[in-house]
Amino acid sequence: MHWLDWCIVVIPFSFVMFMAFYARKYARDAVDFLVAGRVAGRYLISVGDMAAALSVITLVSNAEIGYNRGFAVSFWGTILAPVGIVLALTGFITYRWRQTRCLSKGQFIEIRYGSKFFRFFTAFISTVSEMITNAIGPAIAANFFIFYLGLPHKIMIGGVALPVYALIVGLCILIATLIILPGGRISLLITDSIQGIFTYPIFVIIVGYIILNFGWSTDIVPVLEDRVPGQSFLNPYDISDLRDFNLFTVIVSLVSTIINRGAWIGNDISGAGKTPHEQKMAGVLGSWRNGFAMFAMLIIPMLTICFMNSGTFAKENRFGITNNQIRQKLCQRIIPMVENDPVKCASYSKAAAKIPPVYHTIGVDAPLSQQNNLDTPYFAEMDKIFGNSPEGRHKFQQYKTLFQQQMMPVLLSELFPIGLFGLFCLLMIMLLISTDDSRIFNAAGCIMQDMILPFIPNGKLSPKMHLFLLRLLTVIVAILFFIIAVFFQHMDYIYMFSTIMCALWLGGSGPIMVFGLYSRFGNLTGAWCAIIFGSGTSLLGLIFQRNWALHIYPLIEKWGYVEKCDRFLRAASAPFEPWIHWQMSAEKFPINSFEIFFISMILSIGTYILGSYLTYKPYDLDKLLHRGAYADGECEIIEDNRQQSRLKKIFDQLIGITKEYTRGDRAIAWSVFIYSIIYQLGISFAAVIIWNIISPWPAHWWTVYYYITALLVPVLIGIVSTVWFLWGGTVDLRRLFKDLALRKSDVSDNGQVQKD
């Protein structure tokens, strides 16, 4: 990098690290360390949560998805945003969770279902699922930086050749751990919010550069229109032949958004709000907080599609590099990562270098598809090179996965000029750290609060020892993250891999959390049924996916059952064509991660309800939620507000407005409702569907639609929200230090269930 790029990266990063250590003096007990003393303001929570949610893996995953499906499927995904907003406006899960005052979901599970062992068991499943899923974050990030910065795969230190990949993974995890140790959640909340504040102007600059250098109608639209029927990147009514990322994924995401809203709650920022209302308002603000962030997450994949599939960039162009050169560079960088034998590696690289350039003229040559595109010659040649053995197919799958993941960083490293190169690197470092430290901390907190604390007698754990154990577990979890990231390989799209790994917990957790907070009939029997059938199905699917190419398919082939299995799979999926299509493949398990996840959720909901009703015994929710006869302090006000809210107008009730809302809160709630429900759901979605039922739009109308909804409106919102949340986040950050200094410590409030 240029010295200017280094300055851009080092100076802000040093400030973030300083603030992490400054927070140490405020961490006095478990409440401070785990939930920042429960004194955080709405903007601080919202901005910090944005930084923790965005990551390098998010950008790389979005680039993978966007490169394979364009805009078309995302039209149907529009429904997810309004649903999420309705859940936020009504305080679904988050409001009742804050009422419980639990420090972890395990504490809630023990109180609600009355079993320490079930608390331990669910904590074990969720922690393993979360750790393996999130541990690939540093792995993806390490590869990202290797390809973006052009680093070698190995470096000589003291005469020993060390893998750069492992060094970067270790450095990422070390930095994340150093941020956690001083103040726990306080350090995370402060550093995440600062990083979130820094990212706002960076996103503005990056988006501005892309808009100025790539024309919508001249560069992007022609590529998006150049698709075969059934695989459109623009027309949502012409996507029937898309596989993996299609309409069914939207349905699964919608179901999961609702049923699994409380699955990860507790060991995160969800308990840091000053009051349940403040926590709820942080969620409401979530629809505005992202600013240019989500727009950048969309436009960068579009840039990748445009450059890598346009004939304009197949030859010499204004950027000084062609898409053929990008593909060759990718090939030569990836081959040493999947083939350790130096002789074979050299042979493979030489063969790959002979792949001729691919030229494609839009409007003259046949349109592109998932099966036949500009990457196909490279995949076909590398498939031949690796061979048709189980080991060869395994290596090819690794190659293909890395090729699709690292295309974007290689491309951006060639396109971004000095200054912007450093800004983007800083952005990725901040997003990486803000995500990794949160994930490591969440796992360590879950182990401490839900796997160790329940078995320590009440009153036997001092605040000092509690903090020591939390910090010790943070280091242990960080080491486990490093081991998993270095040695664990994923063989699928990032989104698919994350889905199936999370499904180990999410497959069974939904009804446990939702019905636990909202029903009196749910009990321990139903909860066990949900875990056994939901999580068990996901585990079985994961085993088949991981061992398919190397062991399971060769065994089926050896026994001569390939054709019989293929006929069975085709018959089973036939009623759901074209969205679900199962057929035998030597490379991948026929049932994808979303399909496994959906089956798991349906089984968990059904068995939870059945098991609970067969052993029905009503539960006292008022006691759990500190209301009614059990109301005290802040919850007396809450209960009064709940009674008063029943007298309000129907629209106020619809969007969850209560007496706790100030005039400013009402304005925010109504603005969110108007934008999400009226504009996004009503005008941009429902009205468009009705119009197309009456009179289908021609292809070029969809380009205008996406220009307005995906480009123009997000830019205008981004300008306003950038200023808004920069100010709000800064004010809340200053107030946090004052409130932490004034907070009174309660030794008994440490996450243990107190016996009556």
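Quick notes on this structure:
- Scan segment 592-618 for residues that are surrounded by 17 or more Cβ atoms within 10 Å (Cβ to Cβ) and either more than 23 Å from the chain's Cα centre (by Cα) or at pLDDT 90 or above (or both) and the total you get is 15.
- Being farther than 30 Å from Arg333 by Cβ, surrounded by fewer than 16 Cβ atoms within 10 Å (Cβ to Cβ) and among the small types (Gly, Ala, Ser) is not true of Ser193.
- Complete set of residues in segment 49-84 that are part of a helix (DSSP H, G or I), within 27 Å of Ile674 (Cα to Cα) and at pLDDT 75 or above: Ala72, Val73, Ser74, Phe75, Trp76, Gly77, Thr78, Ile79, Leu80, Pro82, Val83, Gly84
- Thr537 vs. criteria touching a residue at least 40 places away in the same chain (Cβ under 8 Å) and either surrounded by 23 or more Cβ atoms within 10 Å (Cβ to Cβ) or under 27 Å from His394 (Cβ atoms) (or both): yes
Residue-by-condition table, conditions (1) hydroxyl-bearing (Ser, Thr, Tyr); (2) in a loop (DSSP other than H, G, I, E, B); (3) within 30 Å of Ile494 (Cβ to Cβ); (4) touching a residue at least 40 places away in the same chain (Cβ under 8 Å):
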residue: Gly522; (1), (2), (3), (4): no, yes, no, yes
residue: Arg570; (1), (2), (3), (4): no, no, yes, no
residue: Phe594; (1), (2), (3), (4): no, no, yes, yes
residue: Ser612; (1), (2), (3), (4): yes, no, no, yes
residue: Tyr616; (1), (2), (3), (4): yes, yes, no, yes
residue: Asp622; (1), (2), (3), (4): no, no, no, no
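- Verdict on Asp437 being of a type in the set (D, E, K, R), buried (at least 23 other Cβ atoms within 10 Å of the Cβ), closer than 16 Å to Val128 by Cα and in contact (Cβ under 8 Å) with a residue 24 or more places away in the chain: no
- Of the residues making up segment 706-723, one or more are touching a Lys or Arg at 6+ places or on another chain (Cβ under 9 Å), over 30 Å from Ala27 (Cβ atoms), part of a helix (DSSP H, G or I) and modelled with pLDDT under 80.
- Single residue of segment 215-233 satisfying the filter (more than 20 Å from Arg318 (Cβ to Cβ) and assigned to a helix (DSSP H, G or I)) that is farthest from the chain's Cα centre (by Cα): Glu225
- Residue pairs whose Cβ atoms lie under 8 Å apart, separated by 6 or more positions or on different chains, with the first residue in segment 328-347 and farther than 12 Å from His153 by Cα and without any contact (Cβ under 8 Å) to a residue 60 or more places away in the chain and the second surrounded by fewer than 16 Cβ atoms within 10 Å (Cβ to Cβ) and among the hydroxyl-bearing types (Ser, Thr, Tyr), do not occur.
- Scanning segment 106-114 turns up no residue that is out of contact with any His (no Cβ under 7 Å at 6 or more places or on another chain), at pLDDT below 80 and surrounded by 24 or more Cβ atoms within 10 Å (Cβ to Cβ).
- Residue, farthest from Tyr237 (Cα to Cα), within segment 663-695, restricted to residues that are of a type in the set (Phe, Trp, Tyr) and surrounded by 14 or more Cβ atoms within 10 Å (Cβ to Cβ): Trp670
- Flag if Ile429 is touching a Phe, Trp or Tyr at 6+ places or on another chain (Cβ under 8 Å), part of a helix (DSSP H, G or I), under 26 Å from Ser253 (Cα atoms) and hydrophobic (A, V, I, L, M, F, W, C): no
- The one condition in (1) buried (at least 23 other Cβ atoms within 10 Å of the Cβ); (2) of a type outside the set (Lys, Arg); (3) modelled with pLDDT under 85; (4) not in a helix (DSSP H, G or I) that Met491 fails to fulfil: (1)
- Taking the numbered list (1) buried (at least 18 other Cβ atoms within 10 Å of the Cβ); (2) in contact (Cβ under 8 Å) with a residue 40 or more places away in the chain; (3) part of a helix (DSSP H, G or I) in turn, Leu461 passes all entries but (3).
- Boolean, Ile186 is over 21 Å from the mean Cα position of the chain (by Cα) and either under 30 Å from Thr730 (Cα atoms) or at pLDDT 80 or above (or both): yes
- Boolean, Phe120 is surrounded by fewer than 21 Cβ atoms within 10 Å (Cβ to Cβ), closer than 30 Å to Ser509 by Cβ and either in contact with an Asp or Glu (Cβ under 8 Å, 6 or more places away or on another chain) or at pLDDT below 85 (or both): yes
The values are calculated or read from the model by the stated rules, or taken from the named source; none is laboratory data. Computed from a prediction, not measured in an experiment: that's the story for all the values here. Note that each Cβ is placed from the backbone with ideal geometry, even for glycine, and that neighbours are counted across all protein chains shown.
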